[in-house]
């Protein structure tokens, strides 16, 4: 195909097309504490009932409910981790600690705060009691219950849950091997002082940080000058050590945008080139067997936004999950207006007391606009205005 011919799609169709190309990954076994931000390759099952026995929900006295208003003789004391050996009969009770097993005969636990002792050292219960204060066997989970499904993203709140069912070596899908390459003769690294028409390359380190935020590592290869032979050599070499290559710059239709041509020469099929979206319209996606290349616009906001809305979902799908993108319905706190456009728009917003407010935004080169942003608001094609208090879609940052 002619690499200069753009393949343009609306955003939703483009994203669906890109995600459909993600191949099923392999899997590995990791330590539980290393599984955060990984995608489960098998269901996690409860290996026993939870709780495993009827146990007290608080410190107090285990009694027979029918004896609530009678003086009770203390016949035992049951600490957490110990087995109750004595049966509770009429007008008897056992002092019990939180988490301890309920003794035979008891069907109620009275909080210690609601009790006192009479002159005979018997327990007297005050007030009307409704809750049994017993956590019953299996009320949380039954043995064999699925607690986390295959394809779930492991979050911090899942670690303790997996530990509670003995899942210390979860099976997770393999991480993609990712290389990052920036193109542009005008670029210098962030630690250099730009001279003349040079600018600092913010995309390399930015993309590395976005990958790190979802538990992935990337290898930044440096900057390729705008020379087709040099770009071809760098791309070809990088593909020996990765299955996903992220290239910033060189993907539009200018005379010095060589990336589409080079990818075609290297045997890649350009599945998509251009999306009806702003920022990031020139986004390119190409595939060659089990390798994938994203050509990302060089403007820093375009690169940042497309990483969030397209590339991160693709990487999750590549790791075995397609249900990790969070989009919230929120109320717009002020009026929004723009000129009529056939492009879907993503704009930075701040969230204040549950409402969404616009951040000053000058376009795809205005990286500072995201410094105070809490999220990215979506504005669909053909939408020229949104009134205050209308509902909008927001992706949190």
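Can you tell me the orientation of helix 228-238 relative to the chain, as the angle in degrees between its alpha-carbon axis and the longest Cα principal axis, to the nearest 10?
Helix 228-238 sits at roughly 30 degrees to that axis.
Just how many % of Cα pairs in segment 55-135 lie over 19 Å apart, if you round to the nearest whole percent?
Details: 761 of 3240 pairs.
Beyond 19 Å sits 23 percent of the P(r) for segment 55-135.
Springs between alpha-carbon atoms under 10 Å, Gaussian network over the chain: tell me which of 21, 337, 175 tops the mean-square fluctuations.
Of 21, 337, 175, the Gaussian network model singles out 337 as fluctuating most.
In degrees, nearest 10, range 0 to 90: what is the angle between the Cα axis of helix 11-20 and the longest Cα principal axis of the chain?
Roughly 80 degrees, rounded to the nearest 10.
Could you state the angle between the C-alpha long axis of helix 203-212 and the longest principal axis of the C-alpha atoms of the chain, as a value from 0 to 90 degrees rounded to the nearest 10?
Approximately 20 degrees, to the nearest ten.
Provide the percentage of antiparallel DSSP beta bridges, counting only those with both residues in segment 189-346; round to the nearest 5.
Numbers: 9 of 16 bridges.
For segment 189-346, the DSSP antiparallel bridge percentage is about 55.
Relative contact order (percent) for segment 132-224, with alpha-carbon contacts under 8 angstrom and 6 or more residues of separation? Don't jump to the answer; show the numbers that get you there.
On the way: 70 pairs, mean separation 25.2, N = 93.
For segment 132-224, the relative contact order is 27 percent.
Per DSSP H run of at least 4 residues, take -39500 (n - 2.57); add these up for the chain, divide by its residues and hand me the 222 nm value, nearest 500 deg cm²/dmol.
Helix contribution divided over all residues of the chain: -4500 deg cm²/dmol.
Starting from the Cα of residue 353, move 7 Å in the Cα-to-Cβ direction to define the label point; list residues of segment 377-397 whose amide nitrogen is under 16 Å from there.
The answer is 389, whose backbone nitrogens lie closer than 16 Å to the label point.
Only counting other Cβ atoms within 10 Å, I'd like 229, 47 sorted with the fewest neighbours first.
Numbers: 229 9, 47 15.
Starting with the residue having the fewest Cβ neighbours, the order is 229, 47.
Could you work out which residue, out of 113, 217, 269, moves most in a Gaussian network model of the chain, that is, has the largest mean-square fluctuation with Cα springs under 10 Å?
113
So for segment 328-396, averaging the separation of alpha carbon pairs under 8 Å that are six or more residues apart and normalising by length, what relative contact order in percent results?
Numbers: 140 pairs, mean separation 33.3, N = 69.
Computed over segment 328-396, the figure is 48 percent.
Between segment 190-234 and segment 121-176, how many Å separate their Cα centres?
Centre-to-centre distance over Cα atoms comes out at 45 Å.
Based on DSSP, what percent of beta bridges with both residues in segment 55-135 are antiparallel, to the nearest 5?
Details: 14 of 19 bridges.
Taking every DSSP beta bridge with both residues in segment 55-135, the antiparallel ones total about 75 percent.
Would you report the distance distribution of C-alpha pairs in the chain as whole percents per 10 angstrom bin, up to the bin with the largest distance?
Going from the shortest bin to the longest, the percentages are 5, 18, 21, 17, 12, 10, 9, 6, 2, 0.
With the contact rule set at Cα under 8 Å and sequence spacing of 6 or more, what percent relative contact order holds for the chain? The partial results should precede the final answer.
Values: 874 pairs, mean separation 66.7, N = 397.
For the chain, the relative contact order is 17 percent.
Rounded to the nearest 5, what is the percent of antiparallel bridges among the DSSP beta bridges in the chain? Spell out each step's value before the answer.
Details: 51 of 79 bridges.
Antiparallel: roughly 65 percent of the beta bridges in the chain.
7 Å from Cα along Cα→Cβ at both residue 185 and residue 360: what's the point-to-point distance in nm?
3.5 nm
Could you work out which residue, out of 85, 201, 299, moves most in a Gaussian network model of the chain, that is, has the largest mean-square fluctuation with Cα springs under 10 Å?
85
Rule-based calculations on the coordinates, nothing more; no lab input. Worth saying up front: this structure is predicted, and the values here are computed from it rather than measured. Because the Cβ atoms are built from the backbone with ideal geometry, glycine has one as well, and the counts that use them run over all protein chains shown.
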